[in-house]
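Have a look at the structure below, then the notes.
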């Protein structure tokens, strides 16, 4: 499916000792929620930091909203204000109270809506004690005030690094609702890019998935298209050896096996007794990650 | 609209089926708009792309048309097309009956007799 890119990147390279992020082209679709998926150390946070302008020491070119480059993102307040970023670091000073954290955001961001922030904090069940120190908050509550902060600004693009990780199941559900609500506000003009390990919890809000391994994009696409490209195959024990040649990430037990297969290679399984099912995004991602992971040996 | 996550029928298919039924039964009339893609996704707690795929399916079937910037509008359902859609449903149902009959080892005549019997029962 064709789409307009809210972020377009070319030749994004960032080298560390023993690791290189190398993304020849990057396209994040406008009007959708995009999940950035990959194992620890795959380069997700590095990429998000580059896109958000947290990290400026990279090679390559970026284009936002179809017309602004990374220089505009840094120096044009309209562009900077249109992008909301939530990272995994502690960017509130440890001695600040909840009230001070709120005041600082009011000073920093012209488009920060304090009433909305208070309302969101209430919805997210953040303790309502102005004098409470931010450092005394639990990881979950810390994430909630960061999310409330980024959602209280009038933005067109959200870049969220692992927003679901510290949240409990109830709050993850709420996070999904909030993302959907955000996307709906200006039908088709708002976009969200988030990284996650909690693929199953976030699947119901994921439109487009970008899978990163060892600093490279190994697969990407709209979830509905990926589900047509990859299917789950289940079969009897006696067919396992024959099926292994075609399958990704086979898991086998005493009674049978299960793996992920490219739909276009299903014909190679003809003659075997198998059942084909629609894959979940989680199954697809795990299969692709295993295929490309250092842990399992790159093929 | 009831969406089942476990029925085995893809969610986009369930959404398309539901709107198709509403359009064919006249509950959604010519010129009316389907709910906005992102609004429906939000209400049903599903992704935008799933909703979009359902709407594109209805578009391909000629039931709705995408209008730039406004969403999907229900087309006029001319008699022939309605009949064709219903014919397709009849054929699907009959094909299922034929398959079941084969499994049960029914002869063609027996199958036709069963259908006739059912028709008289229904009429009474």
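Here's the yes/no breakdown for (1) touching a residue at least 60 places away in the same chain (Cβ under 8 Å); (2) assigned to a helix (DSSP H, G or I); (3) surrounded by 10 or more Cβ atoms within 10 Å (Cβ to Cβ):
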position: B:62; (1), (2), (3): no, no, yes
position: B:85; (1), (2), (3): yes, yes, yes
position: B:89; (1), (2), (3): no, yes, yes
position: B:109; (1), (2), (3): no, yes, no
Candidate set: region A:231-251, residues that are in a strand (DSSP E or B) and more than 30 Å from the chain's Cα centre (by Cα); chosen: the one surrounded by the most Cβ atoms within 10 Å (Cβ to Cβ):
A:235
Condition check for residue A:179: under 23 Å from the mean Cα position of the chain (by Cα), assigned to a helix (DSSP H, G or I) and surrounded by 18 or more Cβ atoms within 10 Å (Cβ to Cβ):
yes
Pairs, please: C-beta under 7 Å, at least 6 apart or cross-chain, first residue within 7 Å of another protein chain (Cβ to nearest Cβ) and in region B:32-53, second in a loop (DSSP other than H, G, I, E, B) and surrounded by 17 or more Cβ atoms within 10 Å (Cβ to Cβ)?
B:41/B:47; B:47/A:206; B:47/A:207; B:48/A:32; B:48/A:207; B:49/A:32; B:49/A:207
Region A:83-107 - residue that is crowded, with 19+ Cβ neighbours inside 10 Å and touching a residue at least 60 places away in the same chain (Cβ under 8 Å) and, of those, nearest to residue A:139 (Cα to Cα):
A:86
Matching residues, region A:209-228, being outside any strand (DSSP E or B) and either away from every other protein chain (no Cβ under 13 Å) or within 18 Å of residue A:5 (Cβ to Cβ) (or both):
A:214, A:215, A:223, A:225
Identify, by number, the condition in (1) over 17 Å from the mean Cα position of the chain (by Cα); (2) under 27 Å from residue A:80 (Cα atoms); (3) not in a helix (DSSP H, G or I) that residue A:142 doesn't meet.
(3)
So, residue B:66, is that one assigned to a helix (DSSP H, G or I), under 17 Å from residue A:32 (Cβ atoms) and within 13 Å of chain A (Cβ to nearest Cβ) or not?
no
In region B:7-31, what count of residues is obtained for those that are away from chain A (no Cβ under 12 Å), surrounded by fewer than 17 Cβ atoms within 10 Å (Cβ to Cβ) and assigned to a loop (DSSP other than H, G, I, E, B)?
6
Run residue B:87 past the list (1) more than 17 Å from residue B:30 (Cα to Cα); (2) modelled with pLDDT under 90; (3) touching a helix residue (DSSP H, G or I) at 6+ places or on another chain (Cβ under 8 Å) and report the number of the one that doesn't hold.
(3)
Look at residue A:231 and say whether it is away from every other protein chain (no Cβ under 14 Å) and touching a residue at least 24 places away in the same chain (Cβ under 8 Å).
no
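The values are calculated or read from the model by the stated rules, or taken from the named source; none is laboratory data. Keep in mind the model is a prediction, meaning the values are calculated, not measured. Positions of Cβ are generated from backbone atoms using ideal geometry, with glycine treated the same way; all protein chains shown enter the neighbour counts.
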